[in-house]
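A.B. asks: Structure in structure tokens, see below.
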DNA sequence: GATCCAGACTGAATCGATCCAGAAGGGCCG
DNA sequence: CGGCCCTTCTGGATCGATTCAGTCTGGATC
């Protein structure tokens with residue numbers, strides 16, 4: 001008995017069968033209170049730490065945890081305030097249900113990343129999409145695991161999702177900027193094309209953007225500007241290499257120095273927009289900048305943005321996963337968004 | 001075959017033994033390349049998603065995940081910027097090692113909380129202490145699971161920990177405040193006594209504070225003030241119900257209105273200190289306030305504080321867990337701290 | 001031609017529990 | 001007193017893999 005005792009050892013020591021010990025832990029109503037007490041005492045004496053979670057999982061066919069998948073690096077997820085709030089919401093819902101949250105890091109190597117998803121001992125997955133995730137969904141389907149995504153998908157079918165109307169939300173903030181008279185506009189997003197360098201980028205049409213969320217937002221921006229006569233090809237497209245203030249600052253560096261610089265800059269996330277403000281410094285007063293998400297720092301920075309309910313998104317995603325509603329239609333949730341106008345946008349200056 | 005196929009099904013379909021299929025996945029060198037390809041093809045045709053992670057864990061005796069324990073509510077952890085940075089560090093280290101992170105929520109009910117720790121299928125635990133955690137450590141010891149705590153403990157023994165010299169760090173910031181001439185000082189901390197109401201609190205001596213981190217910091221504050229002749233009993237002790245800006249604001253409400261109000265307020269965390277600044281509003285210019293941690297918002301708020309390396313703490317905790325150094329001494333890591341003086345502290349005003 | 005060996009594959013045991021059909025014992029009822 | 005049910009407990013099958021001691025085959029060696 002040099003290693004940890006098992007349920008069998010407790011049974012032997014207590015002079016009962018394995019099943020009875022198991023029942024002592026998991027089904028107290030199946031044995032007399034006296035025997036149960038005796039068994040638990042014996043277990044304590046032996047230093048038995050209770051049923052092995054893994055063995056229990058295997059037999060019961062339930063893991064007691066749900067996975068959370070960030071298609072960007074896991075450690076980056078914690079630097080993104082929106083992702084953190086999403087996690088907070090998910091954690092709250094998981095907490096209420098007594099479920100744990102398994103954060104699965106994805107190696108950059110594709111094969112290893114697949115393996116990571118294949119090896120996760122969970123009952124389902126929350127796929128927080130930050131990049132192309134379809135391979136992950138394929139794995140999950142093959143495993144027969146339920147999952148929830150955080151964006152409407154074309155091939156959604158019965159798979160639950162919770163998201164916002166990205167295009168309409170983006171349009172609302174761009175409408176505001178257009179109404180202020182801006183016509184020379186730059187759009188800033190993360191990984192417009194995977195692997196593209198930071199800074200200006202040419203793209204024939206918005207449909208070419210692979211990442212669905214980014215595509216939706218850029219399309220919304222374009223809609224609003226098209227409505228005031230600004231064509232897609234007249235827009236400056238700026239690429240950021242990741243979703244961070246630094247990347248936002250880098251992406252915009254040098255942009256406002258050319259002749260006829262944009263008078264407004266619409267970013268696909270607050271973090272990028274805040275980076276732009278960092279980079280502009282004093283010049284920020286001459287350019288209108290908008291973000292997306294309404295993270296905590298946006299208010300202090302006076303950033304005009306679109307608010308979306310972050311914690312709510314995490315909470316609902318988790319709930320959809322843990323008990324999906326019977327009617328398929330109820331599995332697709334669109335959350336409301338709200339344009340928040342602050343001081344970072346103003347009418348186009350007369351020159 | 002209505003449900004998911006198992007390894008046995010693949011074996012049958014391919015006309016080989018279970019072991020061979022297992023080897024095809026886990027030990028490619030044990031069979032010919034041709035057969036392996038054939039097996040994997042068969043598996044694909046059958047829709048076999050690869051070896052079941054739980055069964056594999058059971059047999060191999062390895063979970064491939066480490067648990068993270070917050071003794072406060074899990075969803076609160078995400079509202080604490082320091083905890084988030086700790087997690088980011090932990091995630092980075094886990095990522096590098098191909099390990100997942102299991103966030104285990106703790107129900108408020110003690111029995112259920114024990115069960116949650118007992119049921120976690122992990123190879124070890126990072127205990128991020130936010131409250132009394134000794135019961136959790138007992139469970140972990142009973143399970144024979146390795147763990148790391150984030151504070152020096154009296155009974156540390158060979159259990160690894162990573163922390164800072166709480167007392168010395170706290171003393172450094174209090175020394176600074178004392179040097180500025182402050183003598184009427186209030187100390188603010190979360191849960192000084194569990195369940196205590198927000199606001200002023202009487203406590204015979206600092207040793208009565210149950211939570212070790214808080215106790216260490218308060219003791220450090222007291223050390224510095226004692227050195228300039230201010231006794232423990234002359235200090236105002238303010239309790240906050242949790243670690244949030246709101247709780248900081250609530251705790252301090254009404255304090256500065258009495259006669260002889262404190263001229264300085266030392267908080268045990270930046271979040272609390274920022275809450276104090278929120279509450280003071282205009283009056284903030286007349287009181288010196290300090291925090292602890294140096295979170296992102298501290299710089300913008302001009303908060304004088306003590307910086308401790310958050311990500312580093314998470315990273316090292318995870319690394320100590322994943323490969324503990326052979327020499328016991330190396331398992332106890334003390335990280336450096338640094339006093340960061342900003343504008344929230346100034347000499348005591350002449351009246 | 002006998003011996004040895006490496007490589008390829010198999011079968012049974014095992015990981016540590018849960019579950020279910022059924023056995024033993026005791027009480028109640030007619 | 002026999003039959004019936006109920007409670008309490010048992011034994012074996014099972015969850016889905018991994019592991020390891022072997023068996024078998026074909027080729028190299030002397």
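Values in this text are rule-based calculations from the coordinates and carry no lab data. A quick note: this is a predicted structure, and the numbers were derived from the prediction, not measured. Cβ atoms come from the backbone with ideal geometry, glycine included; neighbour counts cover every protein chain shown.
A.B. asks: Run the numbers for residue A:109 and residue A:334: contour at 0.36 nm per residue of separation, minus the present Cα-Cα distance, in nm.
C.D. replies: 77.7 nm
A.B. asks: Here's another thing I want to ask about it. Angle, helix A:166-179 long axis vs. longest principal axis of chain A, Cα atoms, 0 to 90°, nearest 10?
C.D. replies: 30 degrees
A.B. asks: Can you give the helix-only mean residue ellipticity at 222 nm for chain B, where every DSSP H stretch with n ≥ 4 adds -39500 (n - 2.57) and the sum goes over all residues, rounded to the nearest 500 deg cm²/dmol? All intermediate terms of the calculation are to be shown ahead of the outcome.
C.D. replies: Working: 14 runs with 147 residues, N = 351.
Per the formula, -12500 deg cm²/dmol.
A.B. asks: At 7 Å along the Cα-to-beta-carbon direction for both residue B:138 and residue A:259, put a label point, then send me their distance in nm to one decimal.
C.D. replies: Reported label-point gap for residue B:138 and residue A:259 is 7.9 nm.
A.B. asks: Extent of chain B along each principal axis, from alpha carbon coordinates, in Å, largest to smallest?
C.D. replies: Result, largest extent first: 93, 40, 36 Å.
A.B. asks: Let me see the P(r) profile for the protein assembly as shown: every Cα-Cα distance counted, bins of 20 Å, each bin given as a percent of all pairs.
C.D. replies: 16, 43, 33, 8, 0
A.B. asks: Relative contact order for chain A: what percent, with Cα pairs under 8 Å and sequence separation of 6 or more?
C.D. replies: Dividing the mean separation by the residue count of chain A yields 18 percent.
A.B. asks: On to the next question. Against the longest principal axis of chain B, how steep is helix B:81-97, in degrees 0 to 90 to the nearest 10, with axes from Cα atoms?
C.D. replies: 30 degrees
A.B. asks: Any chance you could get the radius of gyration and Dmax over the Cα atoms of region A:105-197, in Å?
C.D. replies: Spelled out, the Cα radius of gyration and Dmax of region A:105-197 are 17.5, 54 Å.
A.B. asks: Still on this structure, I have one more. Describe numerically, in nm with one decimal, the distance between label points set 7 Å from Cα along Cα→Cβ at residue B:26 and at residue B:241.
C.D. replies: In this crude spin-label approximation the distance works out to 5.1 nm.
A.B. asks: How many percent of DSSP beta bridges within the protein assembly as shown run antiparallel, rounded to 5?
C.D. replies: Given both bridge residues lie in the protein assembly as shown, the antiparallel proportion sits at roughly 20 percent.
A.B. asks: Distance between Cα centroids, region A:78-113 to region A:224-298: provide it in whole Å.
C.D. replies: 29 Å
A.B. asks: Given a cut-off of under 8 Å on Cα pairs at least six residues apart, what relative contact order in percent is computed for region B:167-292? Could the numbers behind the result be given before it?
C.D. replies: Working: 248 pairs, mean separation 41.7, N = 126.
Relative contact order here is 33 percent.
A.B. asks: Please compute the volume of the convex hull spanned by the alpha-carbon atoms of region B:274-351 and report it per residue in Å³.
C.D. replies: Numbers: hull volume 8.0 nm³, N = 78.
Dividing the Cα hull volume of region B:274-351 by its residue count gives 103 Å³.
A.B. asks: Continuing with this model, one more query. For a distance above 14 Å, tell me the whole-number percent of Cα pairs in region A:1-46 that qualify.
C.D. replies: 39 percent
A.B. asks: Rounded to the nearest Å, what's the spacing between the alpha carbon centres of region A:26-60 and region A:155-196? Just the number, please.
C.D. replies: Using only Cα atoms, the two centres lie 54 Å from each other.
A.B. asks: In square nanometres, what is one fourth of the surface area of the convex hull spanned by the alpha carbons of region A:32-98?
C.D. replies: Projected over every direction and averaged, the Cα hull of region A:32-98 covers 7.5 nm².
A.B. asks: Here's something else I'd like to know. With everything on Cα atoms, drop me the angle between helix A:134-143 and the longest principal axis of chain A, reported from 0 to 90° to the nearest 10.
C.D. replies: 20 degrees
A.B. asks: How large is the Kirkwood hydrodynamic radius of region A:192-351, in angstrom, based on all distinct alpha carbon pairs? Each step should come with its number before you reach the end.
C.D. replies: Working: mean 1/r = 0.0586 Å⁻¹.
Its Kirkwood hydrodynamic radius stands at 17.1 Å.
A.B. asks: For region B:215-304, count the residues as N, evaluate 2.2 N^0.38 Å, and divide the Cα radius of gyration by that value, please.
C.D. replies: After normalising by residue count via 2.2 N^0.38 Å, the value is 1.04.
A.B. asks: How high is the relative contact order of region A:19-100? Use alpha-carbon pairs under 8 Å, at least six apart in sequence, and give a whole percent.
C.D. replies: 20 percent
A.B. asks: As a footprinting exposure proxy, order A:129, B:126, A:268 by other Cβ within 10 Å, with the fewest listed first. The partial results should precede the final answer.
C.D. replies: Values: A:129 22, B:126 27, A:268 30.
In increasing order of surrounding Cβ atoms, one gets A:129, B:126, A:268.
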